[in-house]
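First up is the structure itself, then whatever we jot down about it.
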Amino acid sequence: MIYRKILALITMFASLLMLMPATAEAKAESDVNTNDTNNSIKNGQKTAFVGGHIINPESGSVLHNATILLEGGKILKVLSNEEEVPAGFKVLNIKDKWIMPGLIDGHIHLAQSGSAFTRPDTLDATKISPYQQDQQWLLDNARSIFESYLNMGVTTIVDLGGPSEYMAHHRQLASHKPSPNLLMAGTLLSPMDMPKLSLNGKTFSKVATEEEALNTLKQQIAMQADIIKIVWSQETGMTTDELYNLYKPVIEAAHKHNKQVAVHVEDLANAKRSIEAGGDILVHGVISEPIDEELIQLMKAHNASYMPTLSVTAHYSEMFKGAVSFNRLEQKHGDPIILNSFAELMANIPKTDSMSQLLLKYTPYVDAPEEALKNLNEQERSIVEQLKPNFAKSAVEIQGNNLKRIIDSGVNIAFGTDAGNPGTLHAYSLLGEMREWKKAGISNQRILQAATAGNAKAYKLSNKVGAIAPGLQADFIVLANNPLQNIENVFTAEMIVKEGQLVEVTH
């Protein structure tokens, strides 16, 4: 979700306004009709994908000219080049293609569209485009969003917060196969409420006492939330210890119900206390300052996961600077309604609220040279200085440096885009997030590991997804080129397999 410090800034400024071939027998059956293969697999026919190079993202190793045997939507066995395909298997020849597990986006928001108008709590442009319109677009296009993720090779998605009332709707849509595996958190447990987002239910549920927090947890469990998400923030004046006392009983109770707890936290001291309280995943990493060895050791001791979200920070900055740009996948596949919303915003700034106008006016100065600031008065320069920690290029650099420091520490590293936030488009923002990891100096193998095995470990799904191994779901991508050499080869899929079914590739 949007970094809560923006809201703290809004409060401050109020006063100023008033993503070998096998045997000859096997090769003879290489031309297979896709639709016929789908039907055969669904009816339980055994299938062999023959001749591909299987990547193990966990280690970066490759099993060349291998065969994957499928039965009943699961991986039955992986064969080396020397082993023959058993009788009774229908064969698909994928000679010289590269195969890797389906991707997992560990942090998205199905209650956010990616448009300029999807977070009125942060930038209120409801007089340009009503929030109801944004939410209706999301409800109407949820199935299309699922299909977009599959088309990008994302076979598992994790929705980390929105109105709990949306969960039944999304589960029903995801029940139509093929669809990504869907895990969901409902409303976020938070010290503050966000009434501007409370249209069809609460995105943030305010909890100020242990009793309130436990009651909200019980409601989440009753609604079958897969994950519990908490906002660990001092914006309402709660101290670090008070937040610890508020959330530790909730985390303990969630664990008794086998629920992972995802934590939104920004600074180092509170990140440490959230891990000491039992938090399982830091779903933005640490945003505002460098991490240290103490945090790393705490996370290792508690078996916690670290999931940075680098590109969303840049996208918020771009929005307030009036300079949102989209990657090639977003440009090609993004809905024009979403893509064009940012130009619509900039053409109608006077219709935004006064605080949004202030942010839109002064954020462009945060990375500007001194010469550009010469016409600003002292009060205006003060505003620019207060905006820099959240919107300057250094904000993304801090997060990238933190990722670089922790990547080889032994802490489990997970991958998420925070898709749905303004400028961070569902499915297609995966490319932008991977590019940010590359800028931070992370290897292709480590990125692939985080977006598969790392996420599977973080969400306790390793017995189901995240690798190509016997007994796991048959969720994998058949690529034209090797993603270990170029991370963008992840997006050269020629086949996408979801629980044994071939998914049509349309990019």
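The values are calculated or read from the model by the stated rules, or taken from the named source; none is laboratory data. Just so it is clear, the structure is predicted and the values come from calculations on it, not from any experiment. Every residue, glycine as well, gets a Cβ built from its backbone with ideal geometry; the counts of neighbours run over all protein chains shown. For accessibility, only protein heavy atoms count, side chains too; no ligands or nucleic acids. Shrake-Rupley method; radii C 1.70, N 1.55, O 1.52, S 1.80 Å.
In the range 140-153, which residues are out of contact with any helix residue (DSSP H, G or I) (no Cβ under 7 Å at 6 or more places or on another chain) and farther than 14 Å from residue 114 by Cβ?
Of everything in the range 140-153, those that are out of contact with any helix residue (DSSP H, G or I) (no Cβ under 7 Å at 6 or more places or on another chain) and farther than 14 Å from residue 114 by Cβ turn out to be 140, 147, 150, 151.
Exactly one condition in (1) open to solvent by 10 Å² or more (accessible area, probe 1.4 Å); (2) farther than 30 Å from residue 93 by Cβ; (3) among the hydrophobic types (A, V, I, L, M, F, W, C) is not met by residue 491; state its number.
Only one criterion is unmet by residue 491, namely (2).
Got a sec? Which helices (runs of 4 or more DSSP H) wholly within the range 332-384 have at least 1 residues that are among the polar types (S, T, N, Q)?
Qualifying helices (runs of 4 or more DSSP H): 341-346, 354-362.
Quick one: which strands (runs of 3 or more DSSP E) sit completely within the range 57-134 and have at least 2 residues that are surrounded by fewer than 20 Cβ atoms within 10 Å (Cβ to Cβ)?
Once the strands (runs of 3 or more DSSP E) in the range 57-134 are filtered for at least 2 residues that are surrounded by fewer than 20 Cβ atoms within 10 Å (Cβ to Cβ), what remains is 61-71, 74-79.
From (1) in contact with a helix residue (DSSP H, G or I) (Cβ under 8 Å, 6 or more places away or on another chain); (2) under 30 Å from residue 302 (Cβ atoms); (3) surrounded by fewer than 19 Cβ atoms within 10 Å (Cβ to Cβ), pick out the condition that doesn't hold for residue 397.
Failing condition for residue 397: (1).
Which residue is nearest to the chain's Cα centre (by Cα), if the candidates are limited to the range 413-469 and must be in a loop (DSSP other than H, G, I, E, B) and within 15 Å of residue 59 (Cβ to Cβ)?
In this case the residue turns out to be 466.
Just to be sure before I move on: is residue 274 polar (S, T, N, Q) and open to solvent by 10 Å² or more (accessible area, probe 1.4 Å) in the structure I sent?
It is false that residue 274 is polar (S, T, N, Q) and open to solvent by 10 Å² or more (accessible area, probe 1.4 Å).
Take residue 456 and tell me if it is open to solvent by 20 Å² or more (accessible area, probe 1.4 Å) and closer than 25 Å to residue 309 by Cβ.
No, not satisfied.
Which residues, counting only those in the range 183-207, are of a type in the set (Ser, Thr, Tyr) and either touching a Phe, Trp or Tyr at 6+ places or on another chain (Cβ under 9 Å) or over 15 Å from residue 166 (Cα atoms) (or both)?
Hits for the range 183-207 are 187, 190, 198.
Yes/no matrix, rows are residues, columns are (1) touching a Leu at 6+ places or on another chain (Cβ under 9 Å); (2) open to solvent by less than 30 Å² (accessible area, probe 1.4 Å); (3) more than 30 Å from residue 275 (Cα to Cα):
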residue	(1), (2), (3)
295	yes, yes, no
310	yes, yes, no
318	no, no, yes
327	yes, yes, yes
345	yes, yes, yes
373	no, yes, yes
390	yes, yes, no
